[in-house]
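Everything below concerns the one structure shown next.
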Amino acid sequence: MIKILFVINNMEQGGIQHSLLELIKKITIYNRFDISLLCLNRMGEYYSHIPKSIKLIELSKYQMISEMDLKHCKEKGKIHFFFRLFTSLITKMGFKNIASKLYTAVLGKTKDTYDIAISYSQPTDDRDFFCLTNEIVINCCKAKKKGSFVHCDFKLYGGNTIRNRKIYEKMDFICAVSSSVKKQFIDCIPEARNKTSIVYNCCDADSIVLQANEDAIIYNRPTLVSVCRLSEEKGLLRCMPIIKHLVDKGFEFEWHIVGGGSLYTALEKAIEFYHLNRVVVLEDRQSNPYRFMKNASYVFVPSFHEAAPLVFDEAIILGIPVLTTNTLSAEEMIKKHNYGLVCDNTDEAILEMLIDAFSSKIEFATCNNVKMYRDEQSFIEAINKVVGEL
């Protein structure tokens, strides 16, 4: 049996967490893998969906402080509060290395030794004490081989720092979630070229199709659906004046935004400001976003930057064309296969793309083999390569 430990910051509703959940579900059927999971903050919509066969481990009762704000740390007790306060302050002062070393020293080492330990999240900015899964794999996990996933446009996502690049250089292997993500990562860290493989996000096509048919939403007008975290990089706010312009031009449509996040209130205010209450609908977090996608005209992804968003795969599985800005994997995953339209990453180009989408009937391709789409094989191949080096 090959003992694998995955490390992730939380199991909140998000693309990274969902792809990990689907991956471990699929590889548990292989008798050759003994899977453990270290989730720093053992909460989130997906936590209860982790298969019973997965061993859930805990390093320390203080492991969650990197994933909690001061208010929630205070509720845990004075030690949690002051530990979080101190590490946050020295991180903001430019001493994240000291903060992370203190944090990982308090967490200690794993009791078991693993064949492979994998960080499933990428690090954040040097002044942000959050998501230290890479540091934990390097400093806390007893393992023969250590690696990390890259789910971001490493050049643009905000964490492309000297410190973070040095952490990746310590890893034995890297898994990039698309060819474009791999290329961008290697451009930033050329030393990682020979140890970086492509491991696609994992999807359960049967489950997605099944959930999409459960009480699917029926729309009476052409409909855009966006499924994402409500954060700046998703480009939602910049689309409000674009949507207003289309409405003023007489276009009849609606836009449903499924997801929660820090921009929820700002989006509410923008909808009010542009008088879009009858056009733009905030659906908040949904346990089943696929019922909103099922009958949509398009899945709309107006992000400033993305890696290989899981919603691309989900739209392809459901046969829904994608309208997206030209982020890192858009050409590779969407345009190359004619699964939708890709535009330049400007407000003007987004407007033109939406006008084209609503004004003409465009023939798009559909996936020929949905059941085999984005299965676990690329991960198995990467693991076999690592195991061969043990």
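The values are calculated or read from the model by the stated rules, or taken from the named source; none is laboratory data. None of these values were measured; they are calculated from a predicted model. Every residue, glycine among them, receives a Cβ derived from its backbone with ideal geometry; neighbour counts consider all protein chains shown.
Taking the numbered list (1) within 22 Å of ALA212 (Cβ to Cβ); (2) outside any helix (DSSP H, G or I); (3) out of contact with any helix residue (DSSP H, G or I) (no Cβ under 8 Å at 6 or more places or on another chain) in turn, LEU282 passes all entries but (3). Taking the criterion of being in contact (Cβ under 8 Å) with a residue 12 or more places away in the chain and either farther than 19 Å from GLU331 by Cα or surrounded by fewer than 16 Cβ atoms within 10 Å (Cβ to Cβ) (or both), the residues of the range 179-197 that qualify are SER179, ASP187, CYS188, ILE189, GLU191, ALA192, LYS195, THR196, SER197.
Per-residue answers, yes or no, for (1) more than 27 Å from ASN384 (Cα to Cα); (2) out of contact with any Ser or Thr (no Cβ under 7 Å at 6 or more places or on another chain):
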site: HIS18; (1), (2): no, yes
site: LEU56; (1), (2): no, yes
site: LEU70; (1), (2): yes, yes
site: LEU107; (1), (2): yes, no
site: THR113; (1), (2): no, yes
site: ILE116; (1), (2): no, yes
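Name the pairs whose Cβ atoms lie under 9 Å apart, with the first residue in the range 293-308 and within 23 Å of VAL177 (Cβ to Cβ) and modelled with pLDDT of 95 or more, the second of a type in the set (Lys, Arg) and surrounded by fewer than 24 Cβ atoms within 10 Å (Cβ to Cβ), and 6 or more positions between them or separate chains? Pairs that qualify, where the first residue is within 23 Å of VAL177 (Cβ to Cβ) and modelled with pLDDT of 95 or more and the partner is of a type in the set (Lys, Arg) and surrounded by fewer than 24 Cβ atoms within 10 Å (Cβ to Cβ), are VAL301/LYS234; PRO302/LYS234; PRO302/ARG238; SER303/LYS234; PHE304/LYS234; PHE304/ARG238. For the range 198-227, the tally of residues that are modelled with pLDDT under 95 and surrounded by 14 or more Cβ atoms within 10 Å (Cβ to Cβ) stands at 10. Scanning the range 98-124 for residues that are out of contact with any helix residue (DSSP H, G or I) (no Cβ under 9 Å at 6 or more places or on another chain) and among the charged types (D, E, K, R) returns LYS111, ASP112. If the condition is being exposed (fewer than 13 other Cβ atoms within 10 Å of the Cβ), under 30 Å from LEU156 (Cβ atoms) and touching a Lys or Arg at 6+ places or on another chain (Cβ under 9 Å), then the range 77-130 contributes MET93, GLY94.
For the range 72-82, the count of residues that are outside the structural domain of GLY147 (by TED's automatic domain parsing) and outside any helix (DSSP H, G or I) is nonzero.
If you take the residues of the range 96-130 that are in a helix (DSSP H, G or I) and of a type in the set (Val, Ile, Thr), which of them is nearest to GLU12 (Cα to Cα)? Quick ask: steps written out before the conclusion?
The initial filter retains those residues of the range 96-130 that are in a helix (DSSP H, G or I), namely 96-107.
Cutting the leftovers down to of a type in the set (Val, Ile, Thr) gives us 98, 104, 106.
On the way: ILE98: 28, THR104: 23, VAL106: 25 Å.
Among them, the one singled out is THR104.
Across the range 147-177, the qualifying residues are those that are free of Cβ contacts under 8 Å to residues at least 60 places away in the same chain and in a loop (DSSP other than H, G, I, E, B), and the one among them that is nearest to LEU310 (Cα to Cα) is PHE154. Within the range 69-91, being within 17 Å of GLU135 (Cβ to Cβ) and either within 24 Å of the chain's Cα centre (by Cα) or not aromatic (Phe, Trp, Tyr) (or both) holds for ARG84, THR87, SER88, ILE90, THR91. Selection of helices (runs of 4 or more DSSP H) fully inside the range 178-278 by the criterion of at least 3 residues being within 30 Å of LYS155 (Cα to Cα) and over 17 Å from the mean Cα position of the chain (by Cα) returns 179-188, 239-248, 264-273.
With respect to being among the basic types (Lys, Arg) and crowded, with 18+ Cβ neighbours inside 10 Å, LYS234 fits the description.
Considering only residues that are in contact (Cβ under 8 Å) with a residue 12 or more places away in the chain, touching a strand residue (DSSP E or B) at 6+ places or on another chain (Cβ under 9 Å) and over 19 Å from VAL225 (Cβ atoms), which ones fall in the range 327-345?
At the first step, the residues of the range 327-345 found to be in contact (Cβ under 8 Å) with a residue 12 or more places away in the chain are 327-334, 337-345.
Cutting the leftovers down to touching a strand residue (DSSP E or B) at 6+ places or on another chain (Cβ under 9 Å) gives us 327, 330-331, 333-334, 339-345.
Across the range 327-345, the qualifying residues are GLU331, ASP344, ASN345.
Residues that are in a loop (DSSP other than H, G, I, E, B) and out of contact with any helix residue (DSSP H, G or I) (no Cβ under 8 Å at 6 or more places or on another chain) were ranked within the range 35-67; the one that is nearest to GLU135 (Cα to Cα) is GLU58. One residue stands out in the range 44-61 among those that are modelled with pLDDT of 90 or more, within 29 Å of THR87 (Cα to Cα) and in contact with a Lys or Arg (Cβ under 9 Å, 6 or more places away or on another chain): the one that is surrounded by the most Cβ atoms within 10 Å (Cβ to Cβ), namely LEU59. Against the numbered list (1) crowded, with 18+ Cβ neighbours inside 10 Å; (2) free of Cβ contacts under 8 Å to residues at least 24 places away in the same chain, VAL258 comes up short only at (2). The set of residues in the range 83-95 being among the small types (Gly, Ala, Ser) and part of a helix (DSSP H, G or I) consists of SER88 alone.
Looking across the range 340-390 at every residue that is modelled with pLDDT of 95 or more and within 17 Å of GLY319 (Cβ to Cβ), the one that is surrounded by the most Cβ atoms within 10 Å (Cβ to Cβ) is identified as GLY340.
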